[in-house]
Every structure is written in C-alpha cells, then in structure tokens.
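Coordinate-derived values only; no laboratory data. Worth saying up front: this structure is predicted, and the values here are computed from it rather than measured. Cβ sites come from the backbone with ideal geometry, for glycine too, and all protein chains shown count toward neighbours.
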Amino acid sequence: MKRYLVILFMVLVVIFTYNFSTKAKGIIDSNKLELDLMINYSNYVYKTYGDNVEEDNYIREDLHHGKGYLGEIIYWVNNRFGVGLGLESNRMVSEWCDDLEKYKYSSQLDGPYAKIIYNLNDNITLYNNIIDYRYKEHYQKAGFDNDLIRGNGIGVLLGMKVDYPVDNNLSVVLDSGYRIAKIKIKKRYSSKKGELIKNKDGEKIKISGLRVGLSVAYRF
C-alpha cells in the first residue's frame, strides 16, 4: 500500500512540475504578467463606533481628501480572469497656522492587498481588492511631533479600470473605485505618559469613500 502511495505521490509531483513549467513558459510567451504603477486621489468619510464610543458620525476636519500611490503585479489566468498582489499607501494632510506657530495633522492608510479581476472586454475590467490596512493619525506643532492613534483592520475596494493601449505591452489606465475599511484602534497617545499606550475603549473607525487614479500598466 505504501508503495502505491509513493508512486502516486511521484506521479503528482511530475504532473505539478510539468504544469508549472508549462504555465511559466506560457507567461513568458503570452504576456500573462502585468505590472501596474498608480498615483491616485481619494476622499474619506469617517465614522467612529465601539463599546465606549458614542454612536454618531465623527468627521476628522480637513482630512477628507488626499493623494496616494500603489504598485501591483497581476497574473492573467486566461483572457477573462486575473489575480494579483499589491501594496498601496494613502495620506491626508491638513496644515494651518496662527500668529504664533504652524500646525500639521495627517492620517495615513497603508497595506498589502490581494486582487481579483474580471475582463468585461478588451478595454474595461472590474476588480475587487481585499486589503490588510495599517492606519495612523499624526499631529505636529512646536514642541510636539507624534502619532496620536494607531490601528489596523481589513478593507475592500471595488472598482473599474479602463485601458488605453499605447502598444502591445504598454497601456495607460484610468481607475475608479469605492473603498470601505474598518480599523480597530490599538493604541492612543497619552498626554499623561507622553507616549502611545494600549487603547481599551474598543474604538473602531469606519472609512469609506471614492478613489480615482491614473496608472501605467506593462505586460511581459
């Protein structure tokens, strides 16, 4: 019995190796790998909730609009479906000053993601990103420069891309999508201790909003 299991295992290894080498050759021959680099613009709407947080909409003033960028690599399984991995970073910044000093408040939302893509036709694709986010808010003024909160959570981004081919390999891509992320606040700045400490309030932040972007895609 063991001998048959060993033989079966060897057969499976041979089949897997053959399929892998065939697919690898297909990627090279058929331009099934795609590299995308994007700059984007996002808007955020915030809502806080949790065990000890009042149930209301809390808008972080002037941190509604900002820029971001991402890089991703996609493998096209066939002419219709593709899967990918990527990394994105987004930042909102608000700066103001009075007669005495200058202030700066910012939020940052970063994370790796997995992607599923579906081709509607030669130019339009639909996609869904599942993102593992890291979030922080930072405050800076004279004598103070520190993160105020840090957290993490899962997000999704549903979107559509429109390709404008430059040649057989290179395309310019217009991208639009809608983001939803739920962030659990793990640490909050304590003015008493002068550092970030564990947050025990069960606070969470929901971030939602539109994203538009322009990217360059290269297939190889």
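Taking the Cβ of VAL45 as the centre, find all other residues whose Cβ is under 12 Å away and add up their charges (Lys, Arg: +1; Asp, Glu: -1). Walk me through the numbers before you get to the answer.
Details: positive: LYS47, ARG60, ARG179, LYS206; negative: none.
Local net charge: +4.
Let me spell out the model: positive unit charges on the Cβ of Lys and Arg, negative unit charges on the Cβ of Asp and Glu, origin at the Cα centre of the range 37-219. What dipole size does that give, in debye rounded to 20? If you can, show how the numbers build up before the last one.
On the way: 27 positive and 24 negative charges, 128 e Å.
Computed about the Cα centre, the dipole is about 620 debye.
Relative contact order for the range 76-211: what is it in percent, counting Cα pairs under 8 Å that are at least 6 residues apart?
Details: 325 pairs, mean separation 23.3, N = 136.
Over the range 76-211, the number comes to 17 percent.
Efficiency by 1/(1 + (r/R0)^6): what FRET value for ASN123 and HIS65, r their Cβ-Cβ distance, R0 = 25 Å, to the nearest 0.05?
That pair, ASN123 with HIS65, gives E of 0.30.
Let me check I have the definition right: for the range 37-219, take the eigenvalues of the Cα gyration tensor, multiply each by 5, take square roots. What are those semi-axes in whole Å, largest first?
Values for the range 37-219, descending: 35, 18, 13 Å.
For every other residue with a beta carbon closer than 13 angstrom to the beta carbon of LYS161, add +1 if it is Lys or Arg and -1 if Asp or Glu, then tell me the sum. All intermediate terms of the calculation are to be shown ahead of the outcome.
Details: positive: LYS115, ARG211; negative: GLU34, ASP36, GLU72, ASP122, ASP163, ASP175.
Here the charged neighbours net out to -4.
Net charge near ILE124, counting Lys/Arg +1 and Asp/Glu -1 over other residues with Cβ under 15 Å of its Cβ?
Every neighbour counted, the sum reads -1.
Cα to Cα, under 19 Å, and not fewer than 8 places away if on the same chain: which aspartates and glutamates meet these conditions relative to LYS187?
Candidates past the 8-residue exclusion: ASP51, GLU54, ASP110, ASP132, GLU137, ASP145, ASP147, GLU195, ASP201, GLU203.
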